[in-house]
Amino acid sequence: MKVSESMISQLETGKNNFSKDKIIVYTNICGCSFNFNINRRDIIEKLIDVYKIYSELKIEKFNNAISNLKKIPDIAFSSARFEYYLILYMDNIVNKNISNVEFIEKMIEIGINSFTNNELAIYYDMQGLKYIYSKNSIKAVKFLEKSISFNSNFLMNNYHYCTIFLNLGYYNLAQIFINKSLKIALEDVMIERLFHLLLNQASLYINTLQYQEADRINLKLLEESYVRNDLFLRYCVLSNLTLSSLLKKDFNDGFVYIGMIDQKYLNDDYDLILYQIMLYFFSNDYISTKNHIRKALGNTSISSYYKNFFQGIKYLMDNKFIKAIDRIERCYDLALSDGEVDRAILDLKLLNELYLDHGLQNKLKKVKELQEKFYKMSYANQIIEDIGLKLN
């Protein structure tokens, strides 16, 4: 080509534009042809449109749009080659093909300096989503911070933020991002995403013991799910209503909502199975409790946490309290190791009752120390939330 190696690098990374003749020579050497007819700006606009389709939860339309973009002839050998890899990245992350993204990330990083702010916001949001799927909240937040710094008006980076803070129990911060996401969803008329944001709002109300507000939203959404014949929305709403009933100790309502949930979802959702088992357990229907535990334990996909928890409940009904305590203690350790602080606190409350009932003073003392530790953590979290409020 009669140019320096550094010039080749600048061409590859998009930092410099070569003459048409030089590009033809370069692509011929590589055994391919360059598509000069592709307008990079057009591809960027289409890429942003596809991201907005994903924001609206129109997954089938999203997949069709992605497929059409990938079919553009020689898009991988054009001025939009890095947009092509970002398209592949979105496709794999949204459809949870996480094992395929390492190579794509390396290709994107080569040309990342050529990206617009909107493209950077999309890329880092997708990276955040990848870590949300793997339940690594710390890394997810790191990339979401980058995403929102390049475009704070994209719905999804705000939505992913509120999801993480809701799961971590930082409810003040979660509320901030729910409010912002709701505003964007309303302005952009993203109805499907709006429903899921309202579900998040209802979950926040449940976690902050505002059951009346939670039920008001959930019942409205339940009506809408029947109007739209949306099974997934209906399932999510009924899960929320069931949890609310369980926490309020309103077992009659809990059984009503459990009975309304489509079985094809119930079989795969162990949180919902746990609610169902606890409803029967607290209402002293031990036969039904044992039947559902037996069915759950028969599923080979059950995790160690649920397996130990269900076995612990079974031992309680069989008056084998030491074995029950051992199982719940294992659950507590598993929850902590997975960073599931809320779940660990729930296990700790149950252990507190068991130690108290059976005169295990040494262990009871240990629980009191752990509860004090969690209280301090909660106080520290409140300070973090207050700082977040001031920053926002």
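Worth a mention:
Residue-by-condition table, conditions (1) outside any helix (DSSP H, G or I); (2) more than 20 Å from residue 118 (Cβ to Cβ); (3) more than 25 Å from the chain's Cα centre (by Cα):
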residue: 33; (1), (2), (3): yes, yes, yes
residue: 54; (1), (2), (3): no, no, no
residue: 60; (1), (2), (3): no, yes, no
residue: 64; (1), (2), (3): no, yes, no
residue: 76; (1), (2), (3): no, yes, yes
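- Checking each residue in segment 1-21 for being within 23 Å of residue 72 (Cβ to Cβ), part of a helix (DSSP H, G or I) and free of Cβ contacts under 8 Å to residues at least 24 places away in the same chain picks out 11, 20.
- The sole residue among 86, 120, 144 that is buried (at least 23 other Cβ atoms within 10 Å of the Cβ) and farther than 27 Å from residue 344 by Cβ is 86.
- Members of segment 96-116 found to be basic (Lys, Arg) and in a helix (DSSP H, G or I), listed by number: 106
- Out of 178, 191, sole residue that is crowded, with 18+ Cβ neighbours inside 10 Å, closer than 27 Å to residue 243 by Cα and either of a type in the set (Val, Ile, Thr) or in contact (Cβ under 8 Å) with a residue 40 or more places away in the chain (or both): 178
- Total residues in segment 201-237, condition assigned to a helix (DSSP H, G or I), over 19 Å from the mean Cα position of the chain (by Cα) and of a type outside the set (Gly, Ala, Ser): 17
- Between 110, 87, the distinction of being within 20 Å of residue 131 (Cα to Cα), touching a residue at least 40 places away in the same chain (Cβ under 8 Å) and more than 20 Å from the chain's Cα centre (by Cα) belongs to 87 only.
- In segment 146-177, of all residues being within 14 Å of the chain's Cα centre (by Cα) and β-branched (Val, Ile, Thr), the one that is farthest from residue 59 (Cα to Cα) corresponds to 164.
- Number of residues in segment 45-67 that are crowded, with 18+ Cβ neighbours inside 10 Å, among the β-branched types (Val, Ile, Thr) and farther than 21 Å from residue 195 by Cα: the value is 1.
- Test result for residue 231, surrounded by fewer than 19 Cβ atoms within 10 Å (Cβ to Cβ) and either of a type in the set (A, V, I, L, M) or without any contact (Cβ under 8 Å) to a residue 12 or more places away in the chain (or both): yes
- Just so you know, in segment 194-210 the residues that are among the polar types (S, T, N, Q) and crowded, with 18+ Cβ neighbours inside 10 Å include one that is farthest from residue 239 (Cα to Cα), and it is 201.
- Tabulated pairs, segment 321-334, first closer than 16 Å to residue 359 by Cα, second outside any helix (DSSP H, G or I) and modelled with pLDDT under 90, C-beta under 7 angstrom, 6+ apart or interchain: 321/358
- Of all residues in segment 288-302, one or more are within 28 Å of residue 350 (Cα to Cα), free of Cβ contacts under 8 Å to residues at least 12 places away in the same chain and among the basic types (Lys, Arg).
- Residue count, segment 238-265 (criterion: closer than 19 Å to residue 196 by Cα, assigned to a helix (DSSP H, G or I) and among the aliphatic types (A, V, I, L, M)): 3
- Filtered by the rule that a residue be more than 15 Å from the chain's Cα centre (by Cα) and closer than 11 Å to residue 162 by Cβ, segment 182-200 gives a lone residue, 182.
- Spans of helices (runs of 4 or more DSSP H) in segment 270-367 with at least 2 residues modelled with pLDDT under 80 and under 28 Å from residue 208 (Cα atoms): 270-282, 321-337, 341-357
The values are calculated or read from the model by the stated rules, or taken from the named source; none is laboratory data. All values reported here derive from a predicted model rather than from experimental measurement. For neighbour counting, all protein chains shown are included, and Cβ atoms are generated from backbone atoms with ideal geometry for every residue, glycine included.
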